Amino acid sequence: MKVSLAVGACLAASQAIVTAQENATPKEPVAASAQANSGPPTVAAYAQLPFVEGAKLSPDGLWIAGMFAIGGSQRVVIVSPFDPDGIKQAVMPEDTEVSSLRWVGNENVVIRLRAIRPFGAGERAYVSRVVAFNRITGKFTKLLWDLGGQDAADILWVPTDGSTKMLVAGQNSIYMGNDFWPAVYSVDVTNGRRTTDLQGRTDVMDWIVDSAGVVRLAIATDRTRGTRTLLHRPKKGASFDR
């Protein structure tokens, strides 16, 4: 069922998005086209964007979000196979890259972005952030953008019951200290409000959540000794043990 819906969505998007591009593109003579196809692929062929990448179905199977190639660039598009005229485009800033898409319920898509920004004393590095895009209103909500760390976009868990709060790990500083180690936040994708689920822990960069949305595992990395330690706890509120 999901496969057929995905195919239908791609066809609907194709009709609505690509037709204008095809009409504007001059047609090559058949002989010239055949001759070009007989040789090895050109460099331009390798650089050509795929029609759609990273497509994700909404939980109800009625909508698909993906990175569609439009006008030589990728744009986040939400489309339904049942409503070809209901296309919504989420236009990202030109200097950002979309790392991944994920549905939270049937109305909101969380988009993980990264961009190169000034970092430290005269250096530049990738910085990751998350935004939520509502397919009904077409509005963006920034999530954890006030944190001061390099990575504030580690999506650990999204709900499956229709609620709108997800778990995200994020750093609050680029300098070694308590805020360098990512804390875990419960974030409402509809308004950006958050509560702290777990404070950062020294040497822990990776948190692992179970299917119920409870942080159960952590991986501590001691770079001095070259060791990694798995920490675990039996339930929410319990302490982590080695």
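The values are calculated or read from the model by the stated rules, or taken from the named source; none is laboratory data. Being a predicted model, the structure only gives us computed values, none of them experimental. Using ideal geometry, Cβ is built from the backbone for each residue, glycine included, and neighbour counts are taken over all protein chains shown.
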Restricting the stretch 74-111 to residues that are assigned to a loop (DSSP other than H, G, I, E, B) and among the β-branched types (Val, Ile, Thr), the one surrounded by the fewest Cβ atoms within 10 Å (Cβ to Cβ) turns out to be Val91
Among Ala218, Ala125, the single one that is over 29 Å from Ser58 (Cβ atoms), aliphatic (A, V, I, L, M), at pLDDT below 95 and touching a Phe, Trp or Tyr at 6+ places or on another chain (Cβ under 7 Å) is Ala125
Those residues of the stretch 145-156 which are surrounded by fewer than 21 Cβ atoms within 10 Å (Cβ to Cβ) and among the hydrophobic types (A, V, I, L, M, F, W, C) amount to Trp145, Ile155, Leu156
Of (1) surrounded by fewer than 16 Cβ atoms within 10 Å (Cβ to Cβ); (2) at pLDDT below 85, Leu62 fails just (2)
Of (1) within 21 Å of Ala90 (Cβ to Cβ); (2) without any contact (Cβ under 8 Å) to a residue 24 or more places away in the chain; (3) part of a loop (DSSP other than H, G, I, E, B), Tyr175 satisfies every one except (1)
Next on the checklist: Quick check on the stretch 121-134. Is at least one of its residues farther than 22 Å from Thr190 by Cα, small (Gly, Ala, Ser) and part of a loop (DSSP other than H, G, I, E, B)?
Outcome noted: yes
Residue check for Thr137: part of a strand (DSSP E or B) and either assigned by the TED database to the domain that holds Phe51 or not hydroxyl-bearing (Ser, Thr, Tyr) (or both)
no
In the set Val158, Val214, Val187, the lone residue that is outside the structural domain of Ile116 (by the TED database) and in contact with a Lys or Arg (Cβ under 8 Å, 6 or more places away or on another chain) is Val214
